[in-house]
Amino acid sequence: MATGTLDGYLELARVGNAVAAGALTFVGAFVAGGLDAPAAVALAVTATVAATGAGNAVNDYFDRDIDAVNRPDRPIPSGRVSPRQAALFAAGLFAVATGAALSLPPLALGIAVANLLALLAYTQLFKGLPAVGNLVVAYLTGSTFLFGAAAVGPIAPPTWTLFGLAATATFAREVVKDVEDVAGDREEGLRTLPIVVGERPALALATGAMAAATLGSVAPYLGGTFGLAYLAVVVPADATMLGATAWGFRDPSTAQRWIKRGTFLAAAAFVAGRLGTVLT
């Protein structure tokens, strides 16, 4: 089969996920009230999209043997992209991300550097360690909001709340995904949380963490930062994420998709809350 196909590269970068990450960075900037600096927002979004695509490609490069068992239709094991092409593709995307980030304020640039180091450490050191890899991915997802906020000014308290909620939801989703991938991960000798402590205890931990995060999500409303518009959206988001995490005991594949949807609904809640403060 020919390698280097366009659909292979697009799937390697997980374009949908990369664009979604860019949208979360935009939300972080908006919640921080920084849309008066459109150039900085555009650079931050570009950096996020490129870095996320590069990270996905790097992950597939190092996971090619595992994917041959768990996901043989992925670009590298299916032969649509060779390992060398995947590595070069990732390097090119990292170059784009670096160029965009270099024009941003020092705090945003610092977050970008920290995320790059965390990504490299994840692929080389932490991915197969119980819970550690999950926590790194959780941080990387939540930090898209911090990055967007830092690109336009100080990181306001609501952005930290959004970071915590998104990071916790991502942690729960990663644990559920690990339950789904137990067979291939065990064959590769990985020590993921479900393999080490058992599937049900791992899912119980994820559900407990998600419950705590949903309780904390009402802080912007209770503190008077956001009003009823925020509460009206964040409550269904919380219910979606918490219910989906619990559903992981029955159907991990469906559960992890709904956790992701709930995360984006939570981001929409913060947009609604910010709009409420602008329009009043």
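A few notes on this one:
- Which listed residue, of A54, A37, A42, A50, is under 21 Å from the mean Cα position of the chain (by Cα) and either closer than 30 Å to V278 by Cα or of a type in the set (K, R) (or both): A42
- Restricting region 80-124 to residues that are polar (S, T, N, Q) and outside any helix (DSSP H, G or I) leaves a set whose member that is nearest to A47 (Cα to Cα) is S103.
- Screening T225 on (1) under 18 Å from E180 (Cβ atoms); (2) in contact (Cβ under 8 Å) with a residue 60 or more places away in the chain; (3) of a type in the set (S, T, N, Q) shows it passes everything except condition (1).
- Verdict on T46 being outside the structural domain of R186 (by TED's automatic domain parsing), of a type in the set (V, I, T) and surrounded by 19 or more Cβ atoms within 10 Å (Cβ to Cβ): no
- Any hit, region 131-151, residues being more than 19 Å from T25 (Cα to Cα), in contact with a Lys or Arg (Cβ under 6 Å, 6 or more places away or on another chain) and not assigned by TED's automatic domain parsing to the domain that holds P72: yes
- Across region 141-154, the qualifying residues are those that are farther than 19 Å from A212 by Cβ and touching a Phe, Trp or Tyr at 6+ places or on another chain (Cβ under 8 Å), and the one among them that is surrounded by the most Cβ atoms within 10 Å (Cβ to Cβ) is G148.
- Total residues in region 140-184, condition in contact with a helix residue (DSSP H, G or I) (Cβ under 6 Å, 6 or more places away or on another chain) and within 24 Å of W247 (Cα to Cα): 23
- Against the test of being under 24 Å from S217 (Cα atoms) and surrounded by fewer than 23 Cβ atoms within 10 Å (Cβ to Cβ), the options P83, P157, P72, P106 yield a single qualifying residue, P157.
- Those helices (runs of 4 or more DSSP H) of region 157-250 in which at least 3 residues are of a type in the set (D, E, K, R) and either farther than 19 Å from Y139 by Cβ or assigned by TED's automatic domain parsing to the domain that holds G262 (or both), considering only elements entirely within it, cover 157-180, 182-187.
The values are calculated or read from the model by the stated rules, or taken from the named source; none is laboratory data. Note that this is a predicted model, so its numbers are computed, not measured. Glycine also receives a Cβ, built like all others from the backbone with ideal geometry; neighbour counts cover every protein chain displayed.
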